[in-house]
Amino acid sequence: MDPLAVLRDYAARGDLDKIIFSGDEVLFGSEYTFPANAPTAFTNKQSGRPYPLSAAVFLAQHNDLKHTDFIQAARLRRIPPVSLPDRKTFLDFLRHGHHSLPTDPLLPSALPSFAPEPQPTLPEEPEGDKASGAYIRSLERTLKDRNALLDARGRDFLAVLQNATRREEERRRNKDSVTTSARHAPSAAAVAMAKPKVERSFGEGFVPIILVPSASQTLVTIYNVREFLEDGVFVPSEERMRAMKGSGKPDCVMVQKKLIRGERTGAGGGATTFEVRDKPASLKPDDWARVVAVFVLGKEWQFKDWPFKDHVEIFNKVIGFYVRFEDDSVEAAKVVKQWNVKIISISKNKRHQDRTAALEVWERLEEFMRAHT
């Protein structure tokens with residue numbers, strides 16, 4: 001098969017975008033594969049040397065460029081650029097089928113990068129359809145078979161499969177979510193404004209949620225909340241982020257703590273697991289029923305789109321904590337003092353005092369959960 005004939009066929013069908021360069025080869029969809037440096041019947045009029053297939057394909061795909069831009073683009077791709085006079089000749093051949101190129105195509109068997117196998121003795125005078133078929137087959141050479149097409153060097157099909165599977169699962173989940181929302185809610189606005197169910201049964205299977213700000217200027221974030229609440233040690237968020245070495249911010253953190261006084265109703269006094277999140281917008285109505293505490297930033301916008309009408313309702317159903325350095329100005333907590341929020345002070349340098357602050361959080365939280373059981 002003459003590669004120029006294949007190229008002209010793809011141009012006539014408008015399928016030039018299906019021709020791709022893959023290493024040292026040119027792939028015509030899944031039908032044909034030729035060496036990129038294969039000489040063609042398209043020759044340089046000045047030197048008489050044949051242009052490689054890569055030059056012909058590149059010209060066919062980028063003939064809309066100005067010639068100066070085309071030359072520069074070809075050189076960047078390390079493809080021999082086609083001269084301006086030869087360019088017109090080839091485009092006439094490509095678009096209109098003018099026989100301005102040599103009539104004898106360069107067959108793949110004549111390409112220098114493929115050593116031809118010993119040819120069988122050809123019949124001097126083929127007679128009949130059978131002899132003609134044998135004569136044609138004797139000139140053919142297989143470039144690719146179905147097994148060779150599966151050998152994609154440098155391509156990770158496992159990653160392609162995993163990405164496709166993940167996208168399909170996400171699409172299915174989104175579709176199910178939209179269908180469920182449309183079935184059970186009159187409108188998206190009604191769902192957003194619906195009040196959470198505060199039927200908190202602190203029994204088996206109930207995992208309370210603690211919300212922390214996602215802003216970096218707050219002291220307690222999802223990066224350092226576990227060390228602070230579980231170990232009673234305050235570690236700056238920046239330090240924890242550097243220790244994670246770019247592994248990314250977690251969506252949630254699980255924190256455990258034994259209750260301070262007595263036994264919790266219905267829990268047998270064991271350790272309680274809390275789920276810490278910093279994205280309230282991702283919570284569903286049922287999740288809001290599990291929210292028991294929030295570390296406040298001291299900014300009104302933190303509570304935007306919360307399913308409560310005001311701060312009174314928020315801090316009646318959720319206990320609030322504001323963590324600050326003990327030597328910070330009182331002005332910084334001016335807004336927070338107007339809310340029903342517990343202010344927790346920690347030292348910038350005295351780390352042995354962190355445990356006292358953490359225990360104060362747990363004690364207040366236990367009292368709140370007891371009162372709302």
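Report the label-to-label distance for GLU227 and LYS175 in nanometres (one decimal), using points 7 Å from each Cα along the Cα→Cβ vector.
With each label placed 7 Å out from Cα toward Cβ, I get 4.6 nm.
I'd like the trypsin sites (Lys or Arg not before Pro) in the range 270-358 restricted to DSSP loop residues with at most 14 other Cβ atoms within 10 Å, sorted by number. Can you show the working numbers first?
Working: sites: ARG277, ARG290, LYS299, LYS304, LYS309, LYS317, ARG324, LYS334, LYS337, LYS342, LYS348, LYS350, ARG351, ARG355; in loops: ARG290, LYS299, LYS304, LYS309, LYS334, LYS348, LYS350.
For trypsin sites (Lys or Arg not before Pro) across the range 270-358 that sit outside H, G, I, E and B with at most 14 neighbouring Cβ atoms in 10 Å, the list reads LYS299, LYS304, LYS309, LYS334, LYS348, LYS350.
Which net charge results for the neighbourhood of GLY298, defined as the other residues with beta-carbon distances under 12 angstrom from its beta-carbon, given Lys and Arg at +1 and Asp and Glu at -1?
Numbers: positive: LYS299, ARG324, LYS334, LYS337; negative: GLU300, ASP328, GLU331.
Within the 12 Å Cβ shell, the charges total +1.
Can you tell me how much longer the chain between ASN349 and ASP286 gets when fully stretched, taken as 0.36 nm per residue apart minus their C-alpha distance, in nm with one decimal? Provide the component values of the computation, followed by the final result.
Details: separation 63, 0.36 × 63 = 22.68 nm, distance 4.06 nm.
Value of the extension gain: 18.6 nm.
Can you tell me, using C-alpha contacts under 8 Å and at least 6 residues apart, the relative contact order of the range 20-78 as a whole percent? Provide the component values of the computation, followed by the final result.
On the way: 51 pairs, mean separation 11.2, N = 59.
That works out to 19 percent.
Any read-out appearing in this document is the output of simple, stated calculations on the displayed coordinates, not a laboratory observation. Because the structure is a prediction, the values reported are computed rather than measured. With ideal geometry, Cβ positions are generated from the backbone for all residues, glycine too; neighbour counts draw on all protein chains shown.
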